[in-house]
Amino acid sequence: MKVLVVGGGGREHAVIRKLKESRPDLEILCAPGNGGIAADAECVPVKATDLEGMVKLAKERGVDYVCVTPDDPLALGMVDALKEAGIPAFGPTKAAARIEASKVFSKNLMKKYRIPTAAYEVFDDPEAARDYIRKENRYPAVIKADGLALGKGVIIAQNEAEAMAAVDHLMVDKAFGESGSRVVVEEFLTGVEVSVLAFADGTTVVPMVSSMDHKRANDNDEGLNTGGMGTIAPSPFYTAEQAERCRKEIFLPTMDAMRKEGCPFSGCLYFGLILTEDGPKVIEYNSRFGDPETQSVLPLLDSDLFEIMTACTDGTLTESMVRWKDGAAACVIEASGGYPGSYEKGKEIHGLDADGQCEGVTVYHAGTTRDGGTYYTNGGRVLGITAVAPTLKEALEKAYEGVGKVTFEAMHVRRDIGAKALKGTK
């Protein structure tokens, strides 16, 4: 079997390594891939958003199955294009990917089908948004771009000045292009955030182990929002009772809602949850594996990922297919200095072996290139240093030990990944 994985980040590297572990006989291509992925798959220089180019590549190389992991190609309809060409793919259709690609679509879906979420209003006029925020006068206030924005389209404003600046940033300055033409202004919810990824086949949904992301750039949850500076799995705050409540009140109703809207969801459905005093609520949906949650969740999977993926595509997914290892996993992101703002590329990475790995941990490459036997930085988030152990404390110790071995100039790392979980503090 020949499999093509679309994308070129740490999430894709985690998917590829788990596929290789499940099926060593698979021939894996990755487009476009990165320096580290090249040690585990054949990288082909086709952009993840090039629908025509990706279909052409799959046809020319006789690909049997495609895994589309990033949000942009899903929102553009890559799965639809592949299916039209007779190539089965893992991931939602363009219509189903709206659950992430449009915050307005997802919020209206939750309101219509009574799925618990924050109260909100939608605006396509910046002055109307400003008037509403001033009238509500409740802070923090959450302002979200309707469309995709590299994980940076959500602004939590602490006061009126920040809220007005957020509206201007998204709607007037068009910081994320047309993604900010409409915004959602919603109430700020308090509680512990939990990420739950789930396999889905249009009807059946099977949650994966929970995880906890750390979005802020700096320790103590300070600094700018990022795509994620580290994760742990499972989250100790997500109990069996809460999991059952989420299944009944959120997971199953979401699958039912998508079917009723004529766009059943197949692939990986990500539930960004917050555990409030009133019960769990949805902060956001993603239409694909989270990054870097995948780097701590998939190492705990004890099943054949390829079998699960193809079952999602075929509509034959069952709960018994998905089994998990005991223990915990931790992933610490090594980022370029300055991320998520401006940063320099091309810094030599020290401490990696010929395969881009480091003994005692698994290194997932997010933004790297390779020249001969040397790896260099090529992105904001560069590496995900991941460890699995019987306890979260041991997993974190191993991960940070790995962080100490793998370095590059101006490297930025959060030193408190998992600290709140270890202390049991919210």
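Structural remarks
- Residue in region 67-76 that is crowded, with 17+ Cβ neighbours inside 10 Å and either among the small types (Gly, Ala, Ser) or free of Cβ contacts under 8 Å to residues at least 40 places away in the same chain (or both) present: yes
- Residue among Val55, Val63 that alone is touching a Leu at 6+ places or on another chain (Cβ under 8 Å), assigned to a loop (DSSP other than H, G, I, E, B) and open to solvent by 10 Å² or more (accessible area, probe 1.4 Å): Val63
- Ala157 vs. criteria in contact with a helix residue (DSSP H, G or I) (Cβ under 6 Å, 6 or more places away or on another chain) and surrounded by 22 or more Cβ atoms within 10 Å (Cβ to Cβ): no
- Inspection of region 110-131 identifies at least one residue that is at positive phi, in a loop (DSSP other than H, G, I, E, B) and out of contact with any Ser or Thr (no Cβ under 7 Å at 6 or more places or on another chain).
- The sole residue among Thr425, Thr374 that is modelled with pLDDT under 95, more than 19 Å from Asp291 (Cβ to Cβ) and of a type in the set (S, T, N, Q) is Thr425.
- If you go through region 299-324 and keep only what is open to solvent by 10 Å² or more (accessible area, probe 1.4 Å) and under 27 Å from Val406 (Cα atoms), you end up with just Pro299.
- Selection count where residues are open to solvent by 60 Å² or more (accessible area, probe 1.4 Å) and within 21 Å of the chain's Cα centre (by Cα), scope region 40-52: 3
- Residue check for Leu396: in contact with a Leu (Cβ under 8 Å, 6 or more places away or on another chain) and either at pLDDT below 95 or of a type in the set (Asp, Glu) (or both): no
Results for (1) under 26 Å from Ala145 (Cα atoms); (2) buried (at least 24 other Cβ atoms within 10 Å of the Cβ), shown as yes or no for each residue.
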site	(1), (2)
Asn220	yes, no
Phe237	no, no
Gln242	no, no
Lys260	yes, no
Pro264	yes, no
Gly267	yes, yes
Thr276	yes, no
Pro280	yes, no
Gln295	no, yes
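- Applying the criterion of being over 20 Å from Cys268 (Cβ atoms) and of a type in the set (Asp, Glu) to the residues of region 3-39, the residue that is surrounded by the fewest Cβ atoms within 10 Å (Cβ to Cβ) is Asp25.
- Complete set of residues in region 396-426 that are of a type in the set (Ser, Thr, Tyr) and either open to solvent by 50 Å² or more (accessible area, probe 1.4 Å) or assigned to a loop (DSSP other than H, G, I, E, B) (or both): Thr407, Thr425
- If you check Lys174, Lys152 for being open to solvent by 10 Å² or more (accessible area, probe 1.4 Å), without any contact (Cβ under 8 Å) to a residue 40 or more places away in the chain and either out of contact with any Gly (no Cβ under 9 Å at 6 or more places or on another chain) or not in a helix (DSSP H, G or I) (or both), only one passes: Lys174.
- Only one entry of Asp80, Asp72 meets the criterion of being assigned to a helix (DSSP H, G or I), closer than 24 Å to Ile99 by Cα and in contact with a Lys or Arg (Cβ under 7 Å, 6 or more places away or on another chain), and that entry is Asp80.
- The set of residues in region 355-378 being of a type in the set (D, E, K, R), more than 17 Å from Glu12 (Cβ to Cβ) and either open to solvent by less than 30 Å² (accessible area, probe 1.4 Å) or not in a loop (DSSP other than H, G, I, E, B) (or both) consists of Asp371 alone.
- Exactly one residue out of Glu121, Glu127 is open to solvent by 30 Å² or more (accessible area, probe 1.4 Å), touching a residue at least 24 places away in the same chain (Cβ under 8 Å) and over 24 Å from the mean Cα position of the chain (by Cα): that is Glu121.
- Hits in region 379-388 (condition: outside any loop (DSSP other than H, G, I, E, B), open to solvent by less than 20 Å² (accessible area, probe 1.4 Å) and touching a residue at least 60 places away in the same chain (Cβ under 8 Å)): Leu383, Gly384, Thr386
- In region 88-99, the residues that are more than 19 Å from Gly33 (Cα to Cα) and open to solvent by less than 10 Å² (accessible area, probe 1.4 Å): Pro92, Ala96, Ala97, Ile99
- Residues satisfying the stated conditions in region 187-209, i.e. aromatic (Phe, Trp, Tyr) and crowded, with 18+ Cβ neighbours inside 10 Å: Phe199
The values are calculated or read from the model by the stated rules, or taken from the named source; none is laboratory data. Note that the structure is predicted; figures quoted are calculated from it, not measured. When we count neighbours, we look across all protein chains shown, and the Cβ atoms used for this are built from the backbone with ideal geometry, even at glycine. Surface accessibility is based on the protein's heavy atoms, side chains included, excluding ligands, DNA and RNA. Shrake-Rupley method; radii C 1.70, N 1.55, O 1.52, S 1.80 Å.
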